[in-house]
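As structure tokens, the structure follows; a few thoughts come after it.
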Amino acid sequence: MNAPRRPTLEEIAEARRRVSRHLPRTPLVRLDLGLPDRQIFLKLETLSPIGAFKLRPALNAVLSRDPAALRDGVAVTSSGNMAYGMAWAARLAGVPMVAYMYRGAPQTKIDGVQALGGTVRFVGTQTWWDYIIGADRPKGSELLINPVTDQAVLNGNGAIGLEIVEDLPDVDVVLTPYGGGSLTTGVASAVKAVSQSARVFAVEDESAAPVTAALAAGKIVTIETRPSFIKSIGGPSLVPQLWPVAQDLIDGAIAVRPAEVAEAMRLLFRRAKVVAEGAGAASLAAAIARRDLAGNIVCVISGGNIDAEAYATVLAGGIPAA
């Protein structure tokens, strides 16, 4: 596995040109919460055709490849949204697609992959993690695209950050959910290339917050995790190949409680009629919880693919089972 690097502004702009022929630009909208010291804006990646930001990196990863490399199809390891995005991109390219997922991933994401013609192969969580960090790889002949460390993935995610600074040049803070770290790294690369003052924070579920732990320890550590309904972010550790790049770009980490995330999901529905999954609402939860943040704050609402039963529980005032 090649070590990823910080995307350049030129690479990010090229990625956006490549995918913009197939995707609409997602809006940046203000959420007026009446807070005197901050203005909150939502970058609505939920309005992507698959309901999540992952379509941009997936499309860039597929469309930037030599067609000969795609002859046997593409494969990706994913907890859900990247698999969904890769299935969409593979269908556009007219090639087969395989997703390696673990059981327990949201059914709506599994259904989305299969509806687009993708094949889902379930693996154990340790095998899934080994595929992510490159300690092992599946035996298939498809081109395996790493959802975290692939350079084209990072470049594609950077397009989100580029749109943020274009739409809000005086942005002060950008909050992004941190799972594998490719979203945060891509967005921060673009934001920091344009703005000298904007800060970027990684947002985690406190039930599994490896970025917070790594920053405190000064190195990657393995942590104990607790079950949570919030999928796609958090885990026992960090992807070692990407962490040096991400660490150099972020200004800190914010860990939020599942109850705070559930309330942010309800707030998004009540005030903006936005459906967000747990990871998607985590950035808004952080913007509300961290009273020391001020100015123009952009929350990347990364996805809205949540199973109906879990979402109904949230809207009824509860917290879904993990």
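Measure nothing but the geometry: give the 0 to 90° angle between the long axis through the Cα atoms of 258-272 and the longest principal axis through the Cα atoms of the chain, rounded to 10°. Relative to the chain, helix 258-272 is tipped by roughly 80 degrees. The largest accessible area among 238, 35 belongs to the first residue in 35, 238, and the rest follow in falling order (1.4 Å probe, all chains). Fully extending the segment from residue 257 to residue 32 would add 78.7 nm, taking 0.36 nm per residue of separation and subtracting the current Cα-Cα distance.
Based on the reciprocal of the average 1/r between different C-alpha atoms, the Kirkwood radius for region 194-255 equals 12.2 Å. Accessible area of residue 28 (1.4 Å probe, protein heavy atoms only, ligands and nucleic acids ignored): about 40 Å². For residue 75, the residues whose amide H sits under 5 Å from its own are 98, 143, 144, 145, ignoring neighbours fewer than 5 places away on the same chain, with H placed 1.01 Å from N. Note on the chain: with a GNM built from Cα contacts shorter than 10 Å, the maximum mean-square fluctuation among 204, 277, 260 falls on 260. Ligands, DNA and RNA aside, residue 111 has an accessible area near 70 Å² when probed at 1.4 Å. Calculated from the structure at hand, semi-axes √(5λ) of the Cα gyration tensor in Å is found among [x] 43, 22, 18; [y] 36, 25, 19; [z] 27, 22, 20 as [z]. When Rg and the Kirkwood radius Rh are both evaluated on Cα atoms of region 198-322, their ratio Rg/Rh stands at 0.97. When both region 1-80 and region 196-223 are represented by their alpha-carbon centers, they are found 22 Å apart. Bridge orientation summary for the chain: considering DSSP beta bridges with both residues in this region, about 15 percent are antiparallel. A probe of 1.4 angstrom, applied to the heavy atoms of all protein chains, finds residue 219 with accessible area near 130 square angstrom. Of the Cα atoms belonging to region 144-247, the radius of gyration and Dmax stand at 13.9, 40 Å. Surface exposure of region 120-241, expressed per residue as accessible area with a 1.4 Å probe, stands at 37 Å². When all protein chains stay in place and ligands, DNA and RNA are ignored, the 1.4 Å accessible-area order of 129, 243, largest first, is 129, 243.
Heavy-atom accessible area with a 1.4 Å probe sorts 222, 108, largest first, into 222, 108. Share of carbon and sulfur in the accessible area of the chain stands at 50%, probe radius 1.4 Å. Between the amide H of residue 31 and those of 40, 41, 42, distances stay under 5 Å, these residues lying 5 or more places away or on another chain, with hydrogens modeled in the peptide plane.
Dividing the mean sequence gap of close Cα pairs (under 8 Å, 6+ apart) by how many residues region 26-133 holds gives a relative contact order of 20 percent. In whole angstrom, note down how far apart the Cα centers of region 246-283 and region 117-163 are. Centre-to-centre distance over Cα atoms comes out at 23 Å.
Between residue 271 and residue 220, the modelled labels are 3.7 nm apart [label points 7 Å from Cα along Cα→Cβ].
The values are calculated or read from the model by the stated rules, or taken from the named source; none is laboratory data. None of the values given here were measured: they were computed from a predicted structure. A quick note on method: Cβ atoms are made from the backbone with ideal geometry, for glycine too, and the neighbour counts reach across all protein chains shown. Note: areas computed on protein heavy atoms with side chains; ligands, DNA, RNA excluded. Shrake-Rupley method; radii C 1.70, N 1.55, O 1.52, S 1.80 Å.
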